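This report concerns only the one structure given below.
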Amino acid sequence: MTTSTNQVYPVIWHNNSVSLIDQTRLPNEYSFVEIHRSDDMALAIKTMIVRGAPAIGVAAAYGMYLGAREIETSDGETPAGGERREFLDKLEKVAELLRSTRPTAVNLFWAIGRMMKTAYESLGTVEEIKQTLLQTAQAINAEDLQTCQAIGDHGLAALPKTPEKLTILTHCNAGALATAGYGTALGVVRSAWREGRLTRVFADETRPRLQGAKLTAWECVQEGIPVTVITDNMAAHCMQRGLIHAVVVGADRIAANGDTANKIGTYSLAIATIAHNIPFFVAAPLSTIDFALTDGSQIPIEEREPTEIYQIGDTTLTPSGVEYYNPAFDVTPAKLITAIITENGAFAPSDLAKAQTKQVV
Ligand code: MRU
């Protein structure tokens, strides 16, 4: 068991394979799954062994390399350039498989796109392209870690100045486990804790998959950050009682106008912050912003198995004969968001375009 989330890296490249922290087993078991093949990486993303938008992107990047490594081309039998063409065609199939795993987190598509671009732009032999792909996956991993640390620091600067010691509420898990390490929303929390600006985190349990109760709570305990777990329907009550000074959440995809898709339940939290005059922050890397989408209505929302709602272990919670609706994400309108915290600074949603250039506001 690790003793500090500073040391929690959910996706690790080891010479020949990728180690993933098995997030479906936390907090009871801290174990790793070894991934050697691209189809196993696709399954790990789909089944949420690895989850959280940036972590999915990093995992998919390594998945692309594993897929590239599996590709055999008919060297020698093909005309000049034919081997390269054959390789790229087969790599497109790997990309297609990985893209089909989860629809909402745009980091998945961003990372796969960057890997494909690398492959198309790489000169040299197929073997050399494969090596370049590994280096690109490692760069995506390393950059996300740095990005999260920058988000943490910009978030710290954006937090309310009073009271001096804050209680922050967060939803789902946007921590080290959901990124290359450190976290986005929990990165802000971690930076605030480091600077003595935090008294406590309130973690929504986050039905139905319980990422807050299981993962955010686990990360806070590892770090020694005081954490109170509440069920999702207690958040507004806690705000009304004056227990919450700011809400900070992560994001799976942000449209150009600032509308933000994040874990189901985020939208109702944002509405509650308006009623109680509490700032509502979204912390996310630029790779989570989808400037191709004008607003949040265009963000695809994943629907997952109804068993997530009605089954807990061997127990069925509901009578037979009922129907289920299990959207995994919702969209918080930009007008409810105080600021979007990126690695380039904190921006009002209406100023999001400025986030693309390095400037802090
Ligand atoms: O379904 P999940 O667990 O992948 O959803 C994760 C979230 O919604 C996170 O809040 C989001 O990806 C931000 S992670 C830094």
Report summary line: Between Arg209 and residues 5 or more places away or on another chain, the pairs with built amide H atoms under 5 Å apart involve none
Query raised in the report: Can you give the accessible area of Asp40, probe radius 1.4 Å, in Å² rounded to 10?
Result: 70 Å²
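Work out how much length Asp39 to Asp351 would gain on full extension: take 0.36 nm times their residue separation and subtract the Cα-Cα distance, in nm to one decimal.
Numbers: separation 312, 0.36 × 312 = 112.32 nm, distance 3.96 nm.
Result for the pair: 108.4 nm of gain on full extension.
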Report summary line: Per the C-alpha gyration tensor (a ≥ b ≥ c, the square roots of its eigenvalues), segment 145-278 is rounded if a/c is under 1.5, else prolate if a/b beats b/c, else oblate; here it's rounded
Requested in this report: For Val229, enumerate residues with amide H under 5 Å from its amide H, sequence gap 5+ or separate chain, H modeled in the peptide plane.
Outcome: Ala203
Requested in this report: For segment 309-351 and segment 18-48, compute the distance between their C-alpha centroids and round to whole Å.
Outcome: 23 Å
Report summary line: So, with points 7 Å from each Cα along the Cβ direction, the Asn277-Tyr30 label distance in nm works out to 4.3 nm
Query - Signed unit charges on C-beta, dipole axis of segment 1-140, positive-most listed residue Leu123, Gly67, Tyr9 - result: Tyr9
Query raised in the report: In square angstrom, what is the accessible area per residue of the chain with a 1.4 angstrom probe?
Result: 42 Å²
Query raised in the report: Just for the Cα atoms in segment 11-146, what are the lengths along the principal axes, largest first, rounded to whole Å?
Result: 55, 26, 23
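Given axes a ≥ b ≥ c from the Cα gyration tensor, I'd like to know whether segment 2-51 is rounded (a/c under 1.5), prolate (a/b larger than b/c) or oblate. Numbers along the way, then the final one.
Numbers: a/c = 2.37, a/b = 1.35, b/c = 1.75.
Oblate, because a/c is 1.5 or more while a/b does not exceed b/c.
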Query - Accessible area, probe 1.4 Å, largest first, for residues Lys46, Lys335, Lys263, Lys161 - result: Lys335, Lys161, Lys46, Lys263
Query raised in the report: For the chain, what is the percent of antiparallel DSSP beta bridges, rounded to the nearest 5?
Result: 50 percent
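Report, for segment 160-356, the % of DSSP beta bridges that are antiparallel, rounded to 5.
Working: 13 of 32 bridges.
Rounded to the nearest five, the antiparallel share is 40 percent.
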Query raised in the report: For the chain, which DSSP H helices look membrane-span-like by this rule: Cα extent along the axis of 15 Å or more and mean Kyte-Doolittle of at least -1.0?
Result: 53-70, 82-99, 106-121, 126-158, 266-276
Report summary line: One finds, for Ala139 and Glu305 with R0 = 30 angstrom and r their Cβ-Cβ distance, a FRET efficiency to the nearest 0.05 of 0.30
Report task. Using a/c under 1.5 as the rounded threshold, could you call segment 185-229 rounded, prolate or oblate? The axes a ≥ b ≥ c are square roots of the C-alpha gyration tensor eigenvalues, and prolate needs a/b larger than b/c, oblate otherwise. Result -> prolate
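Over all directions, what mean area does the Cα convex hull of the chain project, stated in square nanometres? Numbers along the way, then the final one.
On the way: hull surface 77.1 nm².
Average of the hull's projected areas for the chain equals 19.3 nm².
So how do Met234, Met239 rank on accessible area, 1.4 Å probe, biggest first, that is with the largest at the start?
Working: Met234 85, Met239 10 Å².
Largest accessible area first, the residues go Met234, Met239.
Dipole size in debye (nearest 20) for segment 11-146 around its Cα centre, Lys and Arg Cβ +1, Asp and Glu Cβ -1? Don't jump to the answer; show the numbers that get you there.
Values: 14 positive and 19 negative charges, 106 e Å.
Value, rounded to 20: 520 debye.
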Report summary line: Straight-line reach check, Lys214, cutoff 28 Å on alpha carbons, 8 or more apart in-chain or any other chain, hits among lysines -> Lys46, Lys165, Lys263
Query - Accessible heavy-atom area order of Ser19, Ser320, Ser268, highest first, probe of 1.4 Å - result: Ser320, Ser268, Ser19
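The values are calculated or read from the model by the stated rules, or taken from the named source; none is laboratory data. Since the model is a prediction, treat every value here as computed from it, not as a measurement. We place every Cβ from the backbone using ideal geometry, glycine too, and count neighbours over all the protein chains shown. Calculation scope for accessible area: heavy atoms of the full protein, side chains included, ligands and nucleic acids excluded. Shrake-Rupley method; radii C 1.70, N 1.55, O 1.52, S 1.80 Å.
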